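The values are calculated or read from the model by the stated rules, or taken from the named source; none is laboratory data. Everything numeric here is computed off the predicted structure, so don't read it as measured data. All Cβ positions, even for glycine, are placed from backbone atoms using ideal geometry, and neighbour counts span all protein chains on display.
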Amino acid sequence: MDAPAAQQTPERNADRLKITEIFLSLQGESTLVGWPTVFVRLTGCPLRCQYCDTAYAFHGGEWRGLEEVVGQVRDYRVQHVCVTGGEPLAQKACLPLLTALCDAGLTVSLETSGALDISGVDPRVIRVVDIKTPGSGEATRNRWDNLALLNERDQIKFVLCSREDYDWAKTMLRQCGLSRRCTVLFSPSKDELDPTALADWIVADRLPVRMQVQLHKILWGNVPGK
């Protein structure tokens, strides 16, 4: 059995982070898709979504200082940086990291599971927040209070595993008025839901959502660091 996230990534202090990898690639998801982006992948996650493609980030990693991480990001000389995981907000030093990256003049996005509080995230950050579907196996972990904190700069992402997930997400879209709050992304879980089928459903239902596929997987497959 996996250890709790708090044991996986014990916090040393507020300016150190446990990092799985830092790399330059193209953003493969969200409304920023296609931009050259530095990815800072933090180690550890309290969730175990059945489709997770970054389970290698659950454990391991190495401790790095905040200034060191920001310096390495700036060395890549691109405008966009994405802080991801694992679940980045499981580490306390994620919040000062996000602020430091914004202070460096970068366009910063955060990819988070939606299971942890986002209220402390610097308002300059673009927050991409998952809503976990029943097919993920972690729908009970959704922190619904986060929805009230989102604004037009933020994004909500549903990863869909089946027609049942689609119908569930469509209900959430309507009941919570999600498309009036921010951009909503519908994404097919790779090898579980046919992208063309999802596209047809969205068009047939005239949903106010943006469909996305994972560009990086089309280009490079499931290669870590891409």
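Which of the following residues is farther than 18 Å from LEU47 by Cα and of a type in the set (Gly, Ala, Ser): ALA139, ALA204?
Of the residues listed, the single one that is farther than 18 Å from LEU47 by Cα and of a type in the set (Gly, Ala, Ser) is ALA204.
It is to be established whether one or more residues within region 100-110 are surrounded by fewer than 23 Cβ atoms within 10 Å (Cβ to Cβ) and closer than 25 Å to LEU47 by Cβ.
no
For every residue, the table says whether it meets (1) modelled with pLDDT of 95 or more; (2) among the hydroxyl-bearing types (Ser, Thr, Tyr); (3) within 20 Å of the chain's Cα centre (by Cα); (4) at negative phi.
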residue	(1), (2), (3), (4)
THR20	yes, yes, yes, yes
PHE23	yes, no, yes, yes
ARG64	yes, no, no, yes
VAL70	yes, no, yes, yes
GLU87	yes, no, yes, yes
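Here are some residues: ALA169, ALA148, ALA100. Which one is free of Cβ contacts under 8 Å to residues at least 40 places away in the same chain and in contact with a Phe, Trp or Tyr (Cβ under 8 Å, 6 or more places away or on another chain)?
None of the other options fit; the residue is ALA169.
Does region 63-88 hold any residues that are surrounded by 19 or more Cβ atoms within 10 Å (Cβ to Cβ) and among the acidic types (Asp, Glu), and which are they?
The one that is surrounded by 19 or more Cβ atoms within 10 Å (Cβ to Cβ) and among the acidic types (Asp, Glu): GLU87.
Quick one: which strands (runs of 3 or more DSSP E) lie wholly within region 126-226 and hold at least 1 residues that are of a type in the set (D, E, K, R) and modelled with pLDDT of 95 or more?
Fully inside region 126-226 and qualifying: 126-130, 155-160.
In region 111-132, is there at least one residue being more than 25 Å from MET172 (Cα to Cα) and crowded, with 18+ Cβ neighbours inside 10 Å?
no
Keeping to region 118-145, report how many residues are closer than 30 Å to TYR166 by Cα and out of contact with any helix residue (DSSP H, G or I) (no Cβ under 7 Å at 6 or more places or on another chain).
Going through region 118-145 one residue at a time, the tally reaches 14.
Scan region 18-65 residue by residue and report those that are in a strand (DSSP E or B), within 23 Å of ASP154 (Cβ to Cβ) and not polar (S, T, N, Q).
LEU26, PRO36, VAL38, PHE39, VAL40, ARG41, LEU42
Can you name every residue in region 186-200 that is crowded, with 18+ Cβ neighbours inside 10 Å and more than 19 Å from VAL128 (Cα to Cα)?
Across region 186-200, the qualifying residues are LEU193, LEU198.
Do you know which residues across region 148-166 are over 15 Å from GLY137 (Cα atoms), surrounded by 14 or more Cβ atoms within 10 Å (Cβ to Cβ) and of a type in the set (Asp, Glu)?
Hit for region 148-166 is ASP154, nothing else.
Being in a strand (DSSP E or B) and of a type in the set (Val, Ile, Thr) is the filter; apply it to region 69-119 and report the residue that is farthest from PHE58 (Cα to Cα).
Per the criteria, the residue is THR107.
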